[in-house]
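Here the structure comes first, spelled out in structure tokens, and everything after it is commentary.
The values are calculated or read from the model by the stated rules, or taken from the named source; none is laboratory data. Because the structure is predicted, anything quoted here is derived from the model rather than measured. Cβ placement follows ideal geometry from the backbone for every residue including glycine, while neighbour counts extend to all protein chains displayed. Surface areas here come from the heavy atoms of the whole protein model, side chains and all, with no ligands, DNA or RNA. Shrake-Rupley method; radii C 1.70, N 1.55, O 1.52, S 1.80 Å.
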Amino acid sequence: MKLNKGDGQQLFSFMHPAPDKIPVYIDNPETDNDKLQNLQYDYYHGKKEALGFMYLTFRRIALKMIIAERNKKKFFMDKLTMQDKAEDAALLVIEQYTGNELVITKSFTAYLYLQVRKVLYSQTAGEKFERWCIERRINLFTLDDGARERVKAKFEKEIKK
């Protein structure tokens, strides 16, 4: 899988990390992208501890992105939740390295931003059900098992529409 910018420039891909396909090591890294590029280079050249440093860097940058998004969109999110979301976004990137042989060829922060958006705005089925119940003022804790099952069936019927 590859993702390109509008000008055809490849940003990242999932491929077998052949050493000649890994972006080169930068002697004097100045930006977070440069530092992450060097860590990626080290990781794919046998320094497995580089993955831990990548995680810490991704987590720090993700937290900044989440704070910026919160300030821009004017929504409330407490500090602990923001830290949890930053950790989730960083782990999503790291899982791609360990499971799918991700190679970022251009912008680490662009790829991380996609993961931040995912953890901020996507919901699990359980979260959707909980929100649906809250909107209808249904307290699942006060219902017996049969009533709970009927509520869940009604929810599933509505979301299929």
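General remarks:
- Among residues of segment 139-161, those that are at pLDDT below 85 and among the β-branched types (Val, Ile, Thr), counted: 2
- Residue selected from segment 44-74 under the condition outside any helix (DSSP H, G or I) and open to solvent by 60 Å² or more (accessible area, probe 1.4 Å), by the criterion farthest from VAL24 (Cα to Cα): LYS74
- Residues in segment 112-153 that are touching a helix residue (DSSP H, G or I) at 6+ places or on another chain (Cβ under 9 Å), charged (D, E, K, R) and over 30 Å from LEU91 (Cβ atoms): 2 in all.
- Only one entry in LEU102, LEU112, LEU140 is farther than 24 Å from ALA62 by Cα, among the hydrophobic types (A, V, I, L, M, F, W, C) and out of contact with any His (no Cβ under 9 Å at 6 or more places or on another chain), namely LEU140.
- Of all positions in segment 64-73, at least one carries a residue that is modelled with pLDDT under 90 and on the phi < 0 side of the Ramachandran plot.
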